[in-house]
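Here's the structure we're looking at; comments come further down.
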Amino acid sequence: MPKMLAVPNIDKFAILMREQSKLYKREEEVVVKEVSKEEDDARQAEEKLKQCQAAAKRLDNALLVFRRFISEGIELRSPVTKDEIVSEVARQLNVNIYPDNLHLVSPLSSLGEFEVPLRLPRDIPRPEGKLQWTLKVKIRRP
């Protein structure tokens, strides 16, 4: 009992404990900062740009692998389309892109490695030494 860690359940000690807790308890300061709509919009746009940059770097460094059966030579039975690439990017890389972000003139219909150009917002700086962002796609046999 000398350190007042344990005290009997008496009103006198209850009052003493309340007074001591008031002395040693810090008063919490509530600071509310008012943010204007323009500042909030600018901050959200900046966060979105950072997320886009991180996703673009992840896409540029990644290798997306598809396994397909072949019919003759190196021709595929079912070609790889934009929608399949978008769904595989979401599944393998956890990045959501739209089919409009891929510049794929025709579906990929043969085995091999391909670089698919990406159409990303102009705000995102291009990678060093490259003219545009690309996604590497490899198609191989199962």
Sorted by chain and then number, the residues having a modelled amide H within less than 5 Å of the amide H of VAL65, at least 5 places away or on another chain, are LYS138
If the cut-off is 26 Å between C-alpha atoms, which lysines fall inside it for LYS136, apart from same-chain ones fewer than 8 positions away? LYS48, LYS50, LYS57, LYS82
Could you give the length gained on full extension between LYS22 and LYS50, defined as 0.36 nm per residue of separation minus the Cα-Cα distance, in nm? 5.5 nm
D (Stokes-Einstein, µm²/s), Kirkwood Cα radius, the stretch 1-105, 1.306 mPa s at 10 °C: 76 µm²/s
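Fully extended, how many nm does the chain gain between ALA90 and VAL7 (0.36 nm per residue separation, minus their Cα-Cα distance)?
Details: separation 83, 0.36 × 83 = 29.88 nm, distance 6.04 nm.
So the chain would gain 23.8 nm between ALA90 and VAL7.
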Okay, helix-only estimate at 222 nm for the chain: each DSSP H run of n ≥ 4 adds -39500 (n - 2.57), divide by all residues, round to 500 deg cm²/dmol; what do you get? -12000 deg cm²/dmol
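Taking the Cα centre of the chain as the origin, how large is its charge dipole in debye, to the nearest 20, when only Lys and Arg (+1) and Asp and Glu (-1) carry charge on their Cβ atoms?
Numbers: 26 positive and 23 negative charges, 132 e Å.
With only Lys, Arg, Asp and Glu charged at Cβ, the dipole is about 640 debye.
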Count charges around LEU102 for me, please; just the other residues with Cβ under 14 Å from its Cβ, Lys/Arg as +1, Asp/Glu as -1. -3
Alpha-carbon centroids, the stretch 83-106 and the stretch 53-69: separation in whole Å: 9 Å
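Taking the stretch 1-105, which chymotrypsin sites (Phe, Trp or Tyr not before Pro) meet the DSSP loop condition and have no more than 13 other C-beta atoms within 10 Å?
Values: sites: PHE13, TYR24, PHE66, PHE69; in loops: PHE69.
Hits after loop and neighbour filter: PHE69.
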Scan of the chain for GluC sites (Glu not before Pro) in DSSP loops with at most 10 other beta-carbon atoms within 10 Å gives a longest site-free stretch of 73-127
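Every number in this text was worked out from the coordinates using simple rules, so none of it is lab data. Just so it is clear, the structure is predicted and the values come from calculations on it, not from any experiment. Cβ atoms come from the backbone with ideal geometry, glycine included; neighbour counts cover every protein chain shown.
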